[in-house]
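Asker: Got a structure here, written out as structure tokens. Questions coming.
The values are calculated or read from the model by the stated rules, or taken from the named source; none is laboratory data. Just so it is clear, the model here is predicted, and its values are computed rather than measured. Neighbour counts are summed over all protein chains in view; Cβ atoms, including those assigned to glycine, are modelled from backbone coordinates with ideal geometry. Only protein heavy atoms, including side chains, enter the accessible area calculation; ligands, DNA and RNA are left aside. Shrake-Rupley method; radii C 1.70, N 1.55, O 1.52, S 1.80 Å.
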Amino acid sequence: MTEDCQALMRAETLLDLRRDAEAEQRFRDVLAADPESVPALLGLGRALNRQDRHEEAERAVRGALALAPEHAAGYHQLTDVLCDRRDGAGALSAAESGLALAPHAFTSHYQHARALLSQRRPRVRDAYDAAVRAVGLAPHSPDAHNLVGLCLDGLGDHAGAQAAFRNALALDPLHTMAQNNLVATELDRGRLRRAAGLLRSAVGNDPQEKQLHQNLDVVLLLLVRRVVWSLCGVAIVLGVLLVTEAPWWARALSGTAYVAVLATLLHRVRVQLPRGVSRWGRGIWGRTRWQGRYLIGLLVLLSVAVLLLAFAPYPVAAGAGLVLGGILRVLGVLCVIGWIGAAAVNLARGR
């Protein structure tokens, strides 16, 4: 075995270990000795793409294809890069070239399906047909079953999508994207605890996967939205007690009961989430969009207001109620929590 072959094997092993920067350097070492090494250029493209350096990755892969224009795997890899760059038209062109060169290869149909899904207007039905052909050619590929699930989810067949994701996991219990996509379908149904449990398992298997981190933010924001709604409800109850001049102990008892129930429910979700979620949650303000920050701001405002309404003396509680009512009218909170919360939680699905 030549020295270059050994170096390429070591670089591929580093890619498998997710040591992408080290793999990149190994591929560059090979290219320094042989600038026309097609395997090294393709390997460098994978290493760069996994570091989100998509433009550099595209240059490397196109360089390989310039040297080997009939290399179907090169077009498959170019499809990957262009999908990640959100260049739907380019991805479809590359996928069609790969399909023409290797029409009987599972990867050709798999990448064709991915490219069809990446269009500005996803061609989900055509993508589903291509993904089914990929499964027919490689029935034991978890990636193919996962892609069928993505297509079914896009077609609105959520039960079928879950079955496809579970098929992928039956073939590979550690398949990160199938776990992630199953989490997303559970979140779509509002099953927060089940989604949290699945997410805990997925993060344990692949703690570096970015889409899992994004969906962990989704879980936390959905949790915030539910707490905000509950705070609105208890604020109304406490407001009624204030208007009817109920005794202080009635308000305090209501507030204590609410806090106890909320703490219990939050704990049940919390124990299902990955370890370290508290540290992760502290950075969510910087990662989320303005809608998520709006929800977090409402959470703080309503929490303070509910504590005052429940436990403050009557004059202070009444003043807090008037201030809260005025702020909520200005914000139009009851009208916008739903759509702002929906906009804040952008589920990440992956191939």
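Asker: Do we find that A348 is within 21 Å of R200 (Cα to Cα), surrounded by 12 or more Cβ atoms within 10 Å (Cβ to Cβ) and at pLDDT below 80 in this structure?
Answerer: Criteria met by A348.
Asker: Listed residues R62, R50; which is of a type outside the set (G, A, S) and in contact with a helix residue (DSSP H, G or I) (Cβ under 6 Å, 6 or more places away or on another chain)?
Answerer: On inspection, the qualifying residue turns out to be R50.
Asker: Report, by residue number, each residue of the stretch 173-182 that is out of contact with any Lys or Arg (no Cβ under 9 Å at 6 or more places or on another chain) and buried (at least 16 other Cβ atoms within 10 Å of the Cβ).
Answerer: If the condition is that a residue be out of contact with any Lys or Arg (no Cβ under 9 Å at 6 or more places or on another chain) and buried (at least 16 other Cβ atoms within 10 Å of the Cβ), then H175, T176, Q179 are the ones that fit.
Asker: Could I ask something else about it? Just wondering, is there one or more residues in the stretch 178-199 that are in a helix (DSSP H, G or I), under 28 Å from R268 (Cα atoms) and of a type in the set (V, I, T)?
Answerer: The first filter runs over the stretch 178-199 and keeps only residues in a helix (DSSP H, G or I), leaving 178-188, 192-199.
Still in the list and also under 28 Å from R268 (Cα atoms): 178-188, 192-199.
With of a type in the set (V, I, T) added as a condition, the list becomes 183, 185.
The answer is yes, given that some residue of the stretch 178-199 is in a helix (DSSP H, G or I), under 28 Å from R268 (Cα atoms) and of a type in the set (V, I, T).
Asker: Outside any helix (DSSP H, G or I), open to solvent by less than 40 Å² (accessible area, probe 1.4 Å) and of a type in the set (A, V, I, L, M): is that true of A250 in this structure?
Answerer: Answer is no for this residue.
Asker: For the stretch 90-99, enumerate the residues that are hydrophobic (A, V, I, L, M, F, W, C) and over 22 Å from the mean Cα position of the chain (by Cα).
Answerer: L92, A94, A95, L99
Asker: Has the stretch 96-118 got at least one residue that is farther than 25 Å from L8 by Cβ, out of contact with any strand residue (DSSP E or B) (no Cβ under 8 Å at 6 or more places or on another chain), open to solvent by 70 Å² or more (accessible area, probe 1.4 Å) and of a type in the set (G, A, S)?
Answerer: Taking the stretch 96-118 and keeping what is farther than 25 Å from L8 by Cβ, we get 96, 99-100, 103-104, 109, 112-118.
From what's left, out of contact with any strand residue (DSSP E or B) (no Cβ under 8 Å at 6 or more places or on another chain): 96, 99-100, 103-104, 109, 112-118.
Subsequent filtering for residues that are open to solvent by 70 Å² or more (accessible area, probe 1.4 Å) retains 96, 100, 104.
The next check asks that each one be of a type in the set (G, A, S); those that pass are 100.
Scanning the stretch 96-118 turns up at least one residue that is farther than 25 Å from L8 by Cβ, out of contact with any strand residue (DSSP E or B) (no Cβ under 8 Å at 6 or more places or on another chain), open to solvent by 70 Å² or more (accessible area, probe 1.4 Å) and of a type in the set (G, A, S).
Asker: Check A163, A170, A130 and return the single one that is open to solvent by less than 30 Å² (accessible area, probe 1.4 Å) and either assigned to a helix (DSSP H, G or I) or touching a residue at least 24 places away in the same chain (Cβ under 8 Å) (or both).
Answerer: A130
Asker: If you don't mind, there's one more thing I want to ask. Being open to solvent by 40 Å² or more (accessible area, probe 1.4 Å), over 27 Å from F165 (Cα atoms), modelled with pLDDT under 95 and hydrophobic (A, V, I, L, M, F, W, C) narrows it down to one residue among A68, A89, A60; which is it?
Answerer: One residue alone meets the criteria, A89.
Asker: Looking at the stretch 288-304 only, could you name the residues that are open to solvent by 50 Å² or more (accessible area, probe 1.4 Å) and modelled with pLDDT under 75?
Answerer: Residues satisfying the conditions are R289, W290.
Asker: For a quick check of your reading of the model, give me the residue pairs whose first member lies in the stretch 250-272 and is over 25 Å from V240 (Cβ atoms), whose second is at pLDDT 80 or above and open to solvent by less than 50 Å² (accessible area, probe 1.4 Å), with beta-carbon atoms closer than 7 Å and at least 6 apart or on different chains.
Answerer: Within 7 Å, the pairs are V269/L223.
Asker: In addition: Has the stretch 203-213 got at least one residue that is part of a helix (DSSP H, G or I), modelled with pLDDT under 85 and under 22 Å from V124 (Cβ atoms)?
Answerer: Looking for residues that are part of a helix (DSSP H, G or I), modelled with pLDDT under 85 and under 22 Å from V124 (Cβ atoms), one finds at least one in the stretch 203-213, hence yes.
Asker: Within the stretch 100-126, which residues are in a loop (DSSP other than H, G, I, E, B) and either free of Cβ contacts under 8 Å to residues at least 12 places away in the same chain or over 24 Å from the mean Cα position of the chain (by Cα) (or both)? Walk me through it before giving the result.
Answerer: Residues of the stretch 100-126 in a loop (DSSP other than H, G, I, E, B): 102-105, 118-123.
Result: A102, P103, H104, A105, R121, R123.
Asker: Given the stretch 20-78, what helices (runs of 4 or more DSSP H) lie entirely inside it while holding 3 or more residues that are of a type in the set (D, E, K, R) and within 30 Å of the chain's Cα centre (by Cα)?
Answerer: 20-33, 54-67
Asker: Which condition from (1) touching a Gly at 6+ places or on another chain (Cβ under 7 Å); (2) part of a helix (DSSP H, G or I); (3) of a type outside the set (V, I, T); (4) over 21 Å from Y314 (Cβ atoms) is the one that L242 breaks?
Answerer: Here L242 clears every test but (4).
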